[in-house]
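See below for the structure under consideration.
The values are calculated or read from the model by the stated rules, or taken from the named source; none is laboratory data. Because the structure is predicted, anything quoted here is derived from the model rather than measured. As a convention, Cβ positions derive from the backbone with ideal geometry for all residues, glycine included, and neighbour counts pool all protein chains shown. The area values use the complete protein model at the heavy-atom level, side chains included, leaving out ligands, DNA and RNA. Shrake-Rupley method; radii C 1.70, N 1.55, O 1.52, S 1.80 Å.
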Amino acid sequence: MRIVIAPDKFAGTLSAVEAAEAVAEGWRSADPGVQARLLPLSDGGPGFVEVLHTALGGTLHEAEVTGPLGTPVSARYLVSGATAYIESAQACGLHRVPEDRRDPGRTTSRGVGELIADAVGAGARSVVVGLGGSSTNDGGAGMLAALGAEPGAGLSGGGAVLAGLERPVDLAAAREALRGVSLVAATDVDNPLLGLHGASAVFGPQKGADADQVQRLDAALAAFAEATDPGGLREASGAGAAGGLGYGMLLIGGTVESGVARVLGAVGLAGDVAAADLVITGEGSFDTQSLRGKLPHGVAKAAADQGVPCVVLAGAVAVGRQEAAAAGIAETYSLVESAGSTEAALSRSAEELRKLAADVARRWAGARSGAGERRDD
């Protein structure tokens, strides 16, 4: 049997690489003869650089940049050919902020701009920024300040300070810093900047904002939008990604592209799927958001295009059988259910994922055997 193992990270417990290895080990324990192709993936969030480095090779660069709380952090980006791949979460990710200090009114995206400037200084003519897992809600203002936008000091203090902008933001220097450089925001989040489906309302609570702060942050981003672009960019698909980093990138000539499509193309998923009998994908929580273009959905579509069944192994599953089938997913399996509790699934993620993969392998081996027997009748 030939399988492709193509998971995203299990947020907070396993990287995509660790998840793929755990599934492979578990599957081989039940089916030693399996031919397994491991393709750990990312949709632009944490793991983006690691996954692309594995697929593309290239050179990893390290830079010290401003972290989300204003203190220095070390971040890596990848250069392959003339293209640099940056993971915004390395500079301003939620994992960079202790839980008791999470406040999207204070965190800044300045480090992302510093990474972009470093990559351009290293000779990159195309910069792809993976958006996801951010701690920020500043509309990319900090990023723009790092690239030269003015007033710089008024843009680097986090999302809340944007409510006090007293004059239009001058983006000329930031745009000049990227003259001749293609800038791409890699994300599968389609949210606009503002409103009920915007950055503050949808993602603010994940970063520590209560209901009152969500309203204040949305108003601050509205003020920022008036100071930067009274036109339609605030409504653009993906403008709300990573606390509005998508919007900031659009302001200086960036474009929005599917992070899933970028990664799937880089790793050559279609060719591996075509040669497989089964595709396995997964993530920490497989829910309705997963069916709106997140990584498992993209993997399932690639499998369906080749007529290959796809199954999901996830930490938790909140998608019904019919919804999953409509997305091209044959079966879903929950780590929480197999482990017996959320606590067990979180504390022993790799071990429990290996066990679940072994169990799924036995089920699929039995199903294939039964199908073969029926074909002989």
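Details
- Annotation note: Cβ proximity below 6 Å between a residue of segment 267-294 that is among the acidic types (Asp, Glu) and a residue that is open to solvent by 40 Å² or more (accessible area, probe 1.4 Å) (sequence gap 6+ or interchain) occurs for ASP272/ARG37; ASP277/MET1; ASP277/ARG2; ASP287/ALA318.
- Being charged (D, E, K, R) and in the same structural domain as GLY142 (by TED's automatic domain parsing) is a condition met by at least one residue of segment 230-245.
- Screening segment 1-111 for helices (runs of 4 or more DSSP H) wholly inside it with 2 or more residues that are in contact with a helix residue (DSSP H, G or I) (Cβ under 7 Å, 6 or more places away or on another chain), open to solvent by 30 Å² or more (accessible area, probe 1.4 Å) and assigned by TED's automatic domain parsing to the domain that holds VAL273 returns the ranges 16-30.
- Scanning segment 231-253 for residues that are among the small types (Gly, Ala, Ser) and surrounded by 24 or more Cβ atoms within 10 Å (Cβ to Cβ) yields a total of 9.
- Residue, surrounded by the most Cβ atoms within 10 Å (Cβ to Cβ), within segment 142-156, restricted to residues that are in contact with a Ser or Thr (Cβ under 7 Å, 6 or more places away or on another chain) and touching a residue at least 40 places away in the same chain (Cβ under 8 Å): MET143
- Subset of segment 262-278 (residues that are out of contact with any Pro (no Cβ under 7 Å at 6 or more places or on another chain) and closer than 26 Å to ARG321 by Cβ): LEU264, LEU269, VAL273, ALA276, ASP277
- Residue check, GLY284 open to solvent by 10 Å² or more (accessible area, probe 1.4 Å), within 17 Å of GLY47 (Cβ to Cβ), touching a strand residue (DSSP E or B) at 6+ places or on another chain (Cβ under 6 Å) and not polar (S, T, N, Q): yes
- Residue count for segment 160-212, restricted to those that are within 23 Å of VAL97 (Cα to Cα) and of a type in the set (Ser, Thr, Tyr): 2
- Sole residue being at negative phi, of a type in the set (A, V, I, L, M, F, W, C), modelled with pLDDT of 95 or more and not in a strand (DSSP E or B), chosen from LEU162, LEU183: LEU162
Each row is one residue, and each column tells you yes or no for (1) more than 21 Å from GLY238 (Cβ to Cβ); (2) over 21 Å from the mean Cα position of the chain (by Cα).
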| residue | (1), (2) |
| --- | --- |
| PRO72 | yes, yes |
| THR108 | no, no |
| ALA153 | yes, yes |
| VAL161 | yes, yes |
| ARG175 | no, yes |
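- Taking first residues from segment 71-95 that are more than 18 Å from GLY132 (Cα to Cα) and partners that are open to solvent by 10 Å² or more (accessible area, probe 1.4 Å) and at pLDDT below 95, the Cβ contacts under 8 Å between residues at least 6 apart in sequence or on separate chains come to SER80/LEU56; SER80/GLY57.
- Count - residues of segment 127-159 that are within 11 Å of CYS92 (Cα to Cα) and assigned to a helix (DSSP H, G or I): 2
- Test: SER80 is modelled with pLDDT of 95 or more, closer than 30 Å to ALA300 by Cα and of a type in the set (Ser, Thr, Tyr): yes
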